[in-house]
Amino acid sequence: MPLILLIDGYNLLWACGKQGSEQASAADEAREALIARLSLYSQRKGHPVTVVFDAWREPTGLEHQENRTGVRVVFTKRGERADQVIQRLAREYGRACAVVSSDLEIIQTAKSHGAFVMKSHEFKVKLESPGNAEKHAGKFVATSPPGVKLEEESPPARLDKKGNPRKLPKTVRNRNRQLRGF
């Protein structure tokens, strides 16, 4: 069964460079474009996608959900943040979900309930490039846009490591394996 993707909508828009503007129509257009891209991603990868947006300005004051072309869109109720809804859903789904957010509070809650966590800029790379893992000499080589560092590029955590010095630590290898599924 594929993992359910829980996405912090405005956090991902911010990572994609679509900062909130003064005009509500521009924000609506950016949100609709993101939903369309997530729909294509969901169809391509087969992961059910739930994207959560803050709707604290809504006059109704009630949380409401819509299903748009295969993407479940959740707008929070008045006085509730998207962070709280994502945390609630991460507790509900546990290991059956992956959370996309750069918010540390959401990340800690999701990890504590066994969910896989991707930061928004990591998922942005997956979302923007349809074939971001190229097959190269029998191995997968992850590609990234300039300025975005992948896990393999980070310096080793310990210099007194035992074993093969060229092999990445097991936690990094496991994380990279999980990221390849997206």
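Pro145 passes every criterion in (1) closer than 29 Å to Asp8 by Cα; (2) at pLDDT 70 or above; (3) not assigned by TED's automatic domain parsing to the domain that holds Asn11 apart from (2). Name the single residue, out of those in the stretch 98-108 being closer than 16 Å to Ala82 by Cβ and surrounded by 21 or more Cβ atoms within 10 Å (Cβ to Cβ), that is farthest from the chain's Cα centre (by Cα). Here the residue is Ile106. Take the stretch 66-99 and flag every residue that is in contact with a helix residue (DSSP H, G or I) (Cβ under 9 Å, 6 or more places away or on another chain), farther than 19 Å from Ala55 by Cβ and not polar (S, T, N, Q). If the condition is that a residue be in contact with a helix residue (DSSP H, G or I) (Cβ under 9 Å, 6 or more places away or on another chain), farther than 19 Å from Ala55 by Cβ and not polar (S, T, N, Q), then Gly70, Ala90, Arg91, Cys97, Ala98, Val99 are the ones that fit. Checking the stretch 54-61 against the condition returns a match, with at least one residue being buried (at least 16 other Cβ atoms within 10 Å of the Cβ), modelled with pLDDT of 85 or more, touching a Ser or Thr at 6+ places or on another chain (Cβ under 7 Å) and closer than 25 Å to Arg88 by Cα.
Applying the criterion of at least 1 residues that are among the hydrophobic types (A, V, I, L, M, F, W, C) to the strands (runs of 3 or more DSSP E) found wholly in the stretch 29-78 leaves 49-53, 71-75.
The values are calculated or read from the model by the stated rules, or taken from the named source; none is laboratory data. What you are looking at is a predicted structure, and each value in this text was computed from that prediction instead of being measured. When we count neighbours, we look across all protein chains shown, and the Cβ atoms used for this are built from the backbone with ideal geometry, even at glycine.
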